[in-house]
1. Among the strands (runs of 3 or more DSSP E) contained in region 135-234, which hold 3 or more residues that are among the charged types (D, E, K, R) and closer than 19 Å to A75 by Cα?
2. For F134, work out the one condition from (1) out of contact with any helix residue (DSSP H, G or I) (no Cβ under 8 Å at 6 or more places or on another chain); (2) surrounded by fewer than 18 Cβ atoms within 10 Å (Cβ to Cβ); (3) within 21 Å of K70 (Cβ to Cβ) it doesn't fulfil.
3. Residues that are crowded, with 16+ Cβ neighbours inside 10 Å, farther than 17 Å from V153 by Cβ and of a type in the set (S, T, N, Q): does region 98-106 have at least one?
Amino acid sequence: MRAGKVGVIIPVLDRRAGKACALCQNPEYKNPPGRSPSVSRAFLFAAALLACGPAPAADPPAVRVSVVAKGEGYACESDMRIAVPPALAWEVMTDFDSMARWVPNLRSSRVLRREGAVVTIEQVGIAQFGPLSFDFTMERRLALEAPAGIVAVQTRGTLKRYQSTIRLQPDEGGTRLTYRVDIEPGLLVGAILSKEFVEHELREQFEAIAQEMLRREAARSATAAGGALPAAAR
């Protein structure tokens, strides 16, 4: 995965879009002989979609990660600016039941219960760095401060202690995401959970989350640009 420079992400449109526009202007394609106008329009619309295709999601922004030793664990911070609206960033960060689809180290992620703005989730996965790895289970109680923050505390799990804060702030048309976490791995996990291991896990997770945000933004932009399908093409 290639990390781009932090800043505004501008998706590059497929050059085939010009071919689709040229196709639309060709009178021979507007109503070929023997084909009804409604069928021709539907065919042309489908051909244009295939030629253009949705703009590919841009590479995720660079994620700044800092990990320092603190007592028997680590104090960690990651920060990135991403070119998606805060509402979409919040949507991805709180889509707990789907996170295992795009966060590499998760095998499962599910909501156990909701009590107003407090959500309890369970996540199961495997953390891996080079030849080292360990399975983990984490149950966390999350206080949702929509649309700007999430405060999480582990209530049960592999780590001895885990407490984190996520902040989302509007930033020049995009969103700045700041994540701070204090972890205490305990005796067994602590034997292999080095500073470099923690840095790798944080960077991998947040690059994957950023990629999902950009994917959703690109899909919505493509839908908005395409407009509603003609009745004959639905």
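Just so you know, all these numbers are worked out from the coordinates, no wet-lab data involved. Here the structure is a predicted model, which means the values were calculated and not measured. Using ideal geometry, Cβ is built from the backbone for each residue, glycine included, and neighbour counts are taken over all protein chains shown.
1. Result: 174-184.
2. (1)
3. Yes, region 98-106 contains at least one residue that is crowded, with 16+ Cβ neighbours inside 10 Å, farther than 17 Å from V153 by Cβ and of a type in the set (S, T, N, Q).
Conditions (1) exposed (fewer than 14 other Cβ atoms within 10 Å of the Cβ); (2) among the hydrophobic types (A, V, I, L, M, F, W, C); (3) farther than 17 Å from E91 by Cβ, marked per residue:
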position: R141; (1), (2), (3): no, no, yes
position: G149; (1), (2), (3): no, no, no
position: T155; (1), (2), (3): yes, no, yes
position: T158; (1), (2), (3): no, no, yes
position: L168; (1), (2), (3): no, yes, no
position: L188; (1), (2), (3): yes, yes, yes
position: E217; (1), (2), (3): no, no, no
position: A224; (1), (2), (3): yes, yes, no
